[in-house]
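This report refers to the structure that appears directly beneath it.
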Amino acid sequence: MVKNNHLLKRIGIATIIATTSFTPINANNAIASVADSITPQENATGEQQAKRRRRPMFDAQNPNVHDPVMAYENGKYYIFATGNGIQVMSSTDMKTWSPEKPVFDKAPQWATELIKGYWGHTWAPDIICANGMWHLYYSCSTFGKNTSAIGLAVNKTLDPKSPDFKWEDRGLVISSEGGKNNWNAIDPNIIIDKKGTPWLNWGSFWDGIQLVKLQKDMQTPASDKSKTISRRHDIRKSKRGGNPVEAPFIIKRGKYFYLLVSFDYCCKGLQSNYKVAVGRSKKAEGPYKDKEGNLMEYGGGTIIAGPNEEYAGIGHCSAYEFNEKWYIVAHAYSKKHNGASKLYIKEMEFDKDGWPIIKEYCCPVKLKIA
């Protein structure tokens, strides 16, 4: 197995708006449309079934996707994303994609028992290679609730043709419970610091983005208390409700760790106003500050992507270095596709002060600190 050349440099973003009963699916229909996976075929009305028969085939050059992360192994790129059983596709050039079989052919039993209403539509994964294994973290939840869980599956290889290919579910990493925790255990991301210590960061709304150290097994939290590293507004100035920040992703470049998060709202088609914001720190655990020196835990964040002429919103991103080039990977609500959530991959550069810039992107939105 060839290690992902960017993963050693990572020392590390939205939710889908529906829940579903799980129906085993093949690769070709798994990725045709995330939205189409909301209602199982056997429970669909006649109108819904007709709509499914009319839905477009998988678009190899411009696939529908939600919450994508990427991995590289032996000359091939793999996307993992929200979907029944976790959506998977592959490419040799990051331009033409092929659907692959989902990670799970049935919902993990532990998760269906723990999270009422979850039946296999699995959100916002993250993947990293560590200790000779691929570690895939995933979210089990239902829309609008913070009774949620993050699970872990491992594999020796990402190549489905390899005799060593087999996803092994290792179960629960961390969970949240409504009325008990003021954070939501979804949107996981793993970062490994300079000392080899893994950190789990996660979160959506509630009290924002959380972070906790993991033990060497890459699964067990080293503490029962997490810290908040990003919020959408400054709670020192206002105790108002609403905290639209989610989908963290941390990368390491030079002397800095960079925290990427998504501000505002996904999942509304042309009404989505998703934005990517960034801050940085010399430590994986933070604190993270934006370009103006504002703390992200109190509403800071420099916006580097968001609504523009082509997209209503851009967000839930990940970032990678391949062959000495950095890329940002996200989903974006395409105006020419009537608000469909499309795969967004752009080159990412860093300015003279070390701040990330998305090549060919000019952000018209100026962040206002609440």
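The values are calculated or read from the model by the stated rules, or taken from the named source; none is laboratory data. None of the values given here were measured: they were computed from a predicted structure. We place every Cβ from the backbone using ideal geometry, glycine too, and count neighbours over all the protein chains shown.
Collect the residues in the stretch 203-215 that are modelled with pLDDT of 95 or more and either over 18 Å from K180 (Cα atoms) or assigned to a strand (DSSP E or B) (or both), keeping them in residue-number order. The answer is I209, Q210, L211, V212, K213, L214, Q215.
Any chance you could count how many residues in the stretch 282-297 are over 14 Å from L260 (Cα atoms) and surrounded by 18 or more Cβ atoms within 10 Å (Cβ to Cβ)? So that I can check it myself, show each step before the final result.
Let us first name the residues in the stretch 282-297 that are over 14 Å from L260 (Cα atoms), namely 282-283, 292-294.
The next check asks that each one be surrounded by 18 or more Cβ atoms within 10 Å (Cβ to Cβ); those that pass are 294.
Total meeting the criteria: 1.
Considering the stretch 196-219, the residues that are of a type in the set (F, W, Y), more than 20 Å from M133 (Cβ to Cβ) and under 17 Å from the mean Cα position of the chain (by Cα) include one that is surrounded by the fewest Cβ atoms within 10 Å (Cβ to Cβ), namely F205. Within the option set L172, L158, being surrounded by 14 or more Cβ atoms within 10 Å (Cβ to Cβ) and under 23 Å from A319 (Cβ atoms) holds for one residue only, L158.
So, E297, is that one farther than 24 Å from G196 by Cα, out of contact with any Lys or Arg (no Cβ under 8 Å at 6 or more places or on another chain) and acidic (D, E) or not? Considered against the rule, which asks whether it is farther than 24 Å from G196 by Cα, out of contact with any Lys or Arg (no Cβ under 8 Å at 6 or more places or on another chain) and acidic (D, E), E297 comes out as no. Among the residues making up the stretch 296-342, those that are in contact with a Phe, Trp or Tyr (Cβ under 6 Å, 6 or more places away or on another chain) and not in a strand (DSSP E or B) are M296, G339. Kindly establish whether D193 is of a type in the set (D, E, K, R), at negative phi and either touching a Pro at 6+ places or on another chain (Cβ under 6 Å) or surrounded by 16 or more Cβ atoms within 10 Å (Cβ to Cβ) (or both). When the stated conditions are applied, D193 passes them.
Per the listing Y138, Y118, the residue uniquely crowded, with 24+ Cβ neighbours inside 10 Å, touching a Cys at 6+ places or on another chain (Cβ under 6 Å) and not hydrophobic (A, V, I, L, M, F, W, C) is Y118.
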